[in-house]
Amino acid sequence: MNRTIYLDHAATTRLLPEAAEAMEPYLSIYYGNPSTLYELGEKSREAIENARAIIAATIHAQPEEIFFTSGGTESDNWALKEAVSLYSRMHKGRFAHILTTAVEHHAILNTCMELEQLRCKTEYLPVDETGTVLVSKAEEKIRENTCMMSVMYANNEIGTIEPITELAQLAKRHELIFHTDAVQAYGHLPINVRRENIDMLSASAHKFGGPKGSGFLYIRKDINLPAFIHGGGQESNRRAGTENVPGIVGMGKAAELSHRRMKAEHYKVKKLRNYLIGRVLREIPDCILTGSTHRRLANNASFCFKGVTGEAVAILLDTQGICVSSGSACTTGQKEDSHVLLAAGIDSEWANGALRFTLGGENTKEEIDYTVEKLKMVLADMRVA
Ligand code: PLP
């Protein structure tokens, strides 16, 4: 096959042509600074508010509850650091306690580690062998100084969808702020922040057909989360800096389209993903599917292959024109086993051979057939050697 087969949509997605088209005028014609008074600036301002309204509607929030950021990492940093700061301000510098999970993205885990240097203690809710948080064990972890619970909506490595409604309900009962890193879920699953009692939610445009370097944080109206970046008065004085107008416009367009196409895309991708899983499990020995079988992102197929390293398999598949990931893209290059798989109790021997395929709407059955054949070939060669 002489084209690239892209099976790494959890790492990033191609910019939707409609999003690129919507962005273009804001790079060339309407380049005004949104903070200015003249009409050129007004055009940019209007475009930002239009995107804000579109995004708010997709999660059943109010436009004034959406704050534009540079992506998922910034949104996560803001949510956690400022929730702790808020607690500390309200309780005269008292140590805060955060509940999260060991399967979070490093944007959460490393932020928690940083916070531990200051005025906070983090505790990790237990997960089962599919990476699902055990709701029944969560309540006993809540302490008097617990200020927030942060649990990802869906896992970036193994695709497991967490029991967000139940956890947010528990957080509400104990008056904790509930934050979810929905970077892998937003644009792929329907989310209703009101019904699900979500207080804060992080999302990133490049995971749903928007541009890189653009994201948002939803903050429920009555949460007085302090500003994260200080400077001018942008984003209602809470996130300073001249707005990334083209990025915001592209994200708005991608948000609109991903929600409009969600059902059809979900059905199509899931069918193809199930076909891939079925073939791999049937035709390749010494292989396990990781994550949950039923509470799983529609596009995720993640496996562990015994006796090989996932990185070596990914590199060899790349020589065949196939893009897959041996873990989360953000941790590729590090030699450690996946913290997600270890937390799910998968031993190091298996975790070493982790490989993640994440499909998109453009993938075809022909591409999956080609990939499975190449995977069988690569694994057979590696296991003999
Ligand atoms: N959270 C999750 C679950 C992710 O998968 C990622 C990126 O892969 C991030 C956060 C970071 O998002 P961004 O790349 O927009 O900084």
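Odds and ends about this structure:
- When a 1.4 Å probe is rolled over the protein heavy atoms, the share of accessible surface on the range 280-380 that falls to carbon and sulfur comes to 53 percent.
- DSSP bridge pairs, the chain: antiparallel proportion in percent, nearest 5: 50
- For the chain, the longest site-free run once GluC sites (Glu not before Pro) in DSSP loop states with at most 15 other Cβ atoms within 10 Å are removed: 176-335
- Ignoring aspartates and glutamates fewer than eight residues from residue 270 along the same chain, the ones with Cα atoms less than 16 angstrom from its Cα are 8, 362, 366, 367, 369.
- Extension gain from residue 128 to residue 283, taking 0.36 nm per residue of separation minus the Cα-Cα distance: 53.1 nm
- Listed by chain and number, the lysines placed with their C-alpha closer than 22 angstrom to that of residue 306 are 335, 374, 376; residues fewer than eight positions away on the same chain are left out.
- Think of a 1.4 Å ball rolled over the protein heavy atoms: the range 17-260 then has 41 Å² of accessible area per residue.
- Calculated FRET value between residue 240 and residue 172, using beta carbons and R₀ = 35 Å, to 0.05: 0.65
- Contour minus Cα-Cα distance for residue 380 and residue 319 (0.36 nm per residue): 20.4 nm
- Trypsin sites (Lys or Arg not before Pro) restricted to the range 1-103 and DSSP loop, no more than 16 other C-beta within 10 Å: 3, 14, 92, 94
- Pairwise Cα inverse-distance average, inverted: Kirkwood Rh of the range 17-260 (Å): 18.3
- The range 17-260 - percent relative contact order, Cα under 8 Å, separation 6 or more: 26
- Residue-count net charge about residue 365 - beta-carbon cut-off 12 Å; Lys, Arg +1, Asp, Glu -1: +1
- Applying the Karplus relation 6.51 cos²θ - 1.76 cosθ + 1.60 with θ = phi - 60° to the range 9-22 yields 3J(HN,Hα) values of 5, 6, 6, 6, 10, 5, 5, 4, x, 5, 5, 4, 5, 5 Hz, where x marks Gly and Pro.
- In sequence order, calculated HN-Hα J values of the range 27-40 (Karplus, 6.51, -1.76, 1.60; Hz; x Gly/Pro): 9, 10, 8, 9, 9, x, 6, x, 8, 8, 8, 6, 4, 4
- Per-residue ³J(HN,Hα) for the range 368-375, Karplus 6.51 cos²θ - 1.76 cosθ + 1.60, θ = phi - 60°, Hz, x for Gly and Pro: 5, 4, 4, 4, 5, 4, 5, 4
- Under the criterion of Cα pairs below 8 Å and six or more residues apart, the relative contact order for the range 1-110 equals 12 percent.
- Counted charge near residue 135, where neighbours are those whose Cβ lies closer than 10 Å (Asp, Glu -1; Lys, Arg +1): -2
- For the range 17-260, the number of Lys pairs with C-alpha atoms closer than 28 Å, counting only pairs eight or more positions apart or on separate chains, is 29.
- Taking a sphere under 11 Å around the Cβ of residue 88 and counting the other residues whose Cβ falls inside, with K and R at +1 and D and E at -1, yields a net charge of +4.
- Checking every one of the trypsin sites (Lys or Arg not before Pro) in the range 281-321 against DSSP loop status and a limit of 15 other Cβ atoms within 10 Å picks out 295, 306.
- Percent carbon-and-sulfur accessible area, the range 17-260, ignoring ligands, DNA and RNA, probe 1.4 Å: 51
- Among 71, 252, 41, the residue with the largest mean-square fluctuation in a Gaussian network model of the chain, with springs joining Cα atoms closer than 10 Å, is 41.
- Residues whose placed amide H lies under 5 Å from that of residue 296, excluding near-sequence neighbours: 161
- For the range 139-214 versus the range 14-62, the inter-centroid distance based on Cα atoms is 26 Å.
- Summarising the amide proton neighbourhood of residue 154: residues at separation of 5 or more, or on other chains, whose placed amide H is nearer than 5 Å comprise 162, 184, 185.
- Whole-number percent relative contact order across the range 60-111, with pairs defined as alpha carbons under 8 Å at least 6 apart: 40
- Each label point was placed 7 Å from the Cα along the Cα-to-Cβ direction; for residue 2 and residue 143 their separation is 6.3 nm.
The values are calculated or read from the model by the stated rules, or taken from the named source; none is laboratory data. Quick caveat, the model's predicted, so the values are computed rather than measured. All Cβ positions, even for glycine, are placed from backbone atoms using ideal geometry, and neighbour counts span all protein chains on display. Side chains included, ligands, DNA and RNA excluded: accessible areas come from the protein's heavy atoms. Shrake-Rupley method; radii C 1.70, N 1.55, O 1.52, S 1.80 Å.
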